[in-house]
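Encoded as structure tokens, the structure appears first; notes follow it.
The values are calculated or read from the model by the stated rules, or taken from the named source; none is laboratory data. Predicted, not measured: the structure shown is a model, and the values here were computed from it. Here Cβ is always computed from backbone atoms with ideal geometry, including for glycine, and neighbour counts include all displayed protein chains.
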Amino acid sequence: MSKSTFFLRQQLVAPNDQSFPTEEIDLGAFVNLGSTKPQVLRVHSVQISFTDSQGLVPTIKPADAVADTKSAFCSFSMTTKARSANNLIPMMSDDETMFTASIVGSNANNNADQGIFSDAMDIAPQHLTNGYLVGVDTLHLYGCADDAWEENVYISVCLECSVEAVTKENAVNLALSQA
């Protein structure tokens, strides 16, 4: 494995309207399976943040009544294959899914507030023994934020990666893990 790592970053803006925006990360400069010296990308770790447009904690709309609580969610997924427009977030059980993450917040105040948050990242490359091997030219990002947010949710992703030569072993791994 290469000891020289680098970072790839991308941001996806999830409007607070339950739409399903997408974004891509172009890997054409790193993945080359058609040359005499084929190479693939290995993702060692992923860091993700859910923020507002200024990099702060996003605000949740006020609760409808004093004794009420307003809850908001935002989900995110990264895949190795584009999905048809079915308005669903790719799930961890899909072969092409690299990882998923989500954030849930609750606001018990009767004014807009950051509230109390909980976030989760499912199996990410850093949870795997050797990271996640990628042999495609593009990674696809999907997000969805509900309308309980006071503002759009900015999902920022940072991938720690390296490039390595294709071997018989990692060619088999690619064939098994990416549809």
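Details
- For Ser53, the requirement of being in a loop (DSSP other than H, G, I, E, B), under 19 Å from the mean Cα position of the chain (by Cα), at pLDDT 90 or above and farther than 12 Å from Ala145 by Cα is met.
- The listed residue being of a type in the set (S, T, N, Q), modelled with pLDDT under 90 and either crowded, with 20+ Cβ neighbours inside 10 Å or under 13 Å from the mean Cα position of the chain (by Cα) (or both), out of Asn111, Asn107, Asn86: Asn107
- The sole residue among Ser118, Ser162, Ser77, Ser84 that is more than 18 Å from Gln47 (Cβ to Cβ) and either without any contact (Cβ under 8 Å) to a residue 40 or more places away in the chain or touching a Gly at 6+ places or on another chain (Cβ under 9 Å) (or both) is Ser84.
Yes or no, residue by residue, for (1) out of contact with any helix residue (DSSP H, G or I) (no Cβ under 7 Å at 6 or more places or on another chain); (2) surrounded by fewer than 12 Cβ atoms within 10 Å (Cβ to Cβ); (3) among the hydrophobic types (A, V, I, L, M, F, W, C):
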residue: Gln18; (1), (2), (3): yes, no, no
residue: Gln47; (1), (2), (3): yes, no, no
residue: Asp64; (1), (2), (3): yes, yes, no
residue: Ser71; (1), (2), (3): yes, no, no
residue: Cys74; (1), (2), (3): yes, no, yes
residue: Lys81; (1), (2), (3): yes, no, no
residue: Ser102; (1), (2), (3): yes, no, no
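- Here Asp113, Asp122, Asp146 are screened, and the one residue that is out of contact with any helix residue (DSSP H, G or I) (no Cβ under 7 Å at 6 or more places or on another chain), within 19 Å of Glu23 (Cα to Cα) and not polar (S, T, N, Q) is Asp146.
- Single unsatisfied condition, Val172 versus (1) of a type outside the set (Gly, Ala, Ser); (2) surrounded by fewer than 16 Cβ atoms within 10 Å (Cβ to Cβ); (3) in contact (Cβ under 8 Å) with a residue 60 or more places away in the chain: (3)
- Leading residue by the ranking (farthest from Gln11 (Cα to Cα)) among those in region 29-50 that are outside any strand (DSSP E or B) and among the hydroxyl-bearing types (Ser, Thr, Tyr): Thr36
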